[in-house]
Amino acid sequence: MSSLDTPKDLESVVAYFNAWKSYQQIIQHNYMEHLEITQILHQYLQAHYPFPFSFLDLGCGDASFSCHLLRDLPVTNYLGVDLAQTALQLAAENMSQFNHAVSLKQQEIVDFLASSSQQFDIILSAFSIHHLSSLQKEQYFYQAQKHLKQGGVLLLVDVFRQQAENRSNYLQRYSDNIHQYWQKLTLEVKQSIIDHIVASDYPEWESSIREWAKKAGFEKIELLYQGGRDTQKVLAMS
């Protein structure tokens with residue numbers, strides 16, 4: 001069973017990521033374990049997709065995550081989708097290093113999935129669907145499944161609540177982690193991140209995500225990574 005909390009409109013989310021500087025500091029200091037997650041996914045793609053593949057990056061941000069992930073891999077074409085204009089401008093700069101075809105689209109990810117007919121070998125959704133409502137998340141898996149080619153995989157990287165943990169307790173636990181462990185950030189930056197999380201983050205239990213994915217037609221769901229603070233997880237769905 002999932003949280004009944006419903007996110008507010010996406011304006012506050014877009015405003016936060018258009019600023020982008022706070023999130024860049026999180027990545028720089030590896031507070032959300034981007035380095036470990038990238039390494040795990042890179043190894044997974046090397047092992048399972050040694051042949052050329054197309055790549056859809058939902059909620060791509062500045063694409064720095066995918067730039068590290070896709071290094072030396074046989075990507076034929078990359079499409080990044082995000083709602084934050086500033087992030088997409090940075091994504092264009094970051095992706096300029098690649099020789100494969102790169103496209104960027106400014107659109108909300110659920111709207112993109114509903115309106116597009118394109119299919120891809122790999123779909124990545126990294127730290128993006130926790131901004132959606134529970135109903136939107138459930139619909140997301142149905143839509144994402146339709147955009148995968150035969151033999152494709154959906155790679156889901158996100159924050160999760162502990163089983164039976166409600167949203168309020170999760171927010172308190174995450175905020176405590178920020179104050180205790182994110183020591184290289186100023187108090188002002190920490191507070192801006194916490195304010196964003198409280199206003200915009202609606203993580204689910206892993207069991208709910210698995211249930212929705214199976215209903216949508218994903219037969220195999222693998223847990224590839226579980227973070228040290230019991231928040232970040234990586235799931236591969238095929």
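Details
- Pairs beyond 19 Å (Cα-Cα), from 21/190; 149/220; 105/233; 105/214: 105/233; 105/214
- Distant-in-sequence amide contacts of residue 224, defined by a placed amide H-H separation under 5 Å and a gap of 5 or more residues or a different chain, comprise 234, 235, 236.
- Total formal charge among the other residues, if their Cβ is under 9 angstrom from that of residue 91, Lys/Arg +1 and Asp/Glu -1: -4
- In this view, the solvent-accessible surface of residue 220, computed with a 1.4 Å probe and all protein chains in place, comes to about 110 Å².
- Annotation for residue 98 and residue 35: the two label points, set 7 Å from Cα along the Cα-Cβ direction, are 2.3 nm apart.
- Backbone amide hydrogens, once placed in the peptide plane, bring residue 148 within less than 5 Å of 120, excluding anything fewer than 5 places away on its chain.
- Estimated 222 nm signal from helices in the chain, with DSSP H stretches of n ≥ 4 weighted -39500 (n - 2.57), rounded to 500: -13500 deg cm²/dmol
- Region 211-234 and region 117-151 have their alpha-carbon centroids 13 Å apart.
- Computed label-point distance, nm, for sites residue 43 and residue 86 using a 7 Å Cα→Cβ extension: 3.5 nm
- For the chain, a crude dipole built from +1 on the beta carbon of Lys and Arg and -1 on the beta carbon of Asp and Glu, taken about the Cα centre, is about 280 debye to the nearest 20.
The values are calculated or read from the model by the stated rules, or taken from the named source; none is laboratory data. For clarity, every value in this text was computed on a predicted model and none was experimentally measured. Here the Cβ is made from the backbone with ideal geometry for all residues, glycine too, and neighbour counts use every protein chain on show. Surface areas here come from the heavy atoms of the whole protein model, side chains and all, with no ligands, DNA or RNA. Shrake-Rupley method; radii C 1.70, N 1.55, O 1.52, S 1.80 Å.
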